[in-house]
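The values are calculated or read from the model by the stated rules, or taken from the named source; none is laboratory data. Since this is a predicted model, take the numbers as computed values, not measurements. As a convention, Cβ positions derive from the backbone with ideal geometry for all residues, glycine included, and neighbour counts pool all protein chains shown.
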């Protein structure tokens, strides 16, 4: 069946659009006291695990991620964790400007908050400058002498071509790159489901 998306004026949509970027960033926030303790305990536990137990945990993680992506109807195979990590590294400003957030209603299963990358916004002149600086930095770290002007012109040209392709209708503007699950609690509140929670539950019990 076709996906059902909430209207942008729907109160649930408004709440989740405002809340989800914070939940996304919070997952990897190592400055959070709760996360500090959780990550420390997990690191300590990992040091004591046998090889067989580590293999068991890896299998559990893969199974959990597959179940999660099935729930949010975002079948991306083994790339989900990479996509999640990439968006967590984005600034709150970039999440707001470079991604169109949509909320799919999943029936009794809850809601999927989807992040759709804007092909024009992510190839803006601002991002071209940042990308050129990053390329030059990587070359310097590799012991090379980067051609700063050449890199900047090349990246600028590539980004202009990407925007032109979208504007000409040759490339799609929006691409779904992530989906996060929210469910209704018994009291009616919306609860974020962390895709790594089954792993945390097993390791920290």
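Overview of values
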read-out: Index of the failed condition, residue 31 passing every other in (1) surrounded by 14 or more Cβ atoms within 10 Å (Cβ to Cβ); (2) over 13 Å from residue 203 (Cα atoms); (3) at pLDDT below 85; (4) out of contact with any helix residue (DSSP H, G or I) (no Cβ under 9 Å at 6 or more places or on another chain); value: (1)
read-out: Test: residue in the stretch 5-13 that is exposed (fewer than 12 other Cβ atoms within 10 Å of the Cβ), under 20 Å from residue 175 (Cβ atoms), at pLDDT 95 or above and out of contact with any strand residue (DSSP E or B) (no Cβ under 7 Å at 6 or more places or on another chain); value: yes
read-out: Residues being in contact with a helix residue (DSSP H, G or I) (Cβ under 7 Å, 6 or more places away or on another chain) and part of a strand (DSSP E or B) - total across the stretch 161-177; value: 1
read-out: From the options 76, 72, residue that is within 19 Å of the chain's Cα centre (by Cα) and over 25 Å from residue 203 (Cα atoms); value: 76
read-out: Qualifying residues in the stretch 88-98 (those that are outside any loop (DSSP other than H, G, I, E, B) and touching a helix residue (DSSP H, G or I) at 6+ places or on another chain (Cβ under 8 Å)) - the one surrounded by the most Cβ atoms within 10 Å (Cβ to Cβ); value: 98
read-out: So residue 194, is it surrounded by 14 or more Cβ atoms within 10 Å (Cβ to Cβ) and touching a strand residue (DSSP E or B) at 6+ places or on another chain (Cβ under 7 Å); value: no
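Condition check ((1) assigned to a helix (DSSP H, G or I); (2) over 14 Å from the mean Cα position of the chain (by Cα); (3) crowded, with 18+ Cβ neighbours inside 10 Å) across all residues:
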position: 100; (1), (2), (3): no, no, no
position: 115; (1), (2), (3): no, no, yes
position: 137; (1), (2), (3): yes, yes, no
position: 140; (1), (2), (3): yes, yes, no
position: 146; (1), (2), (3): no, yes, no
position: 149; (1), (2), (3): yes, yes, no
position: 156; (1), (2), (3): yes, yes, no
position: 159; (1), (2), (3): yes, yes, yes
position: 179; (1), (2), (3): no, no, yes
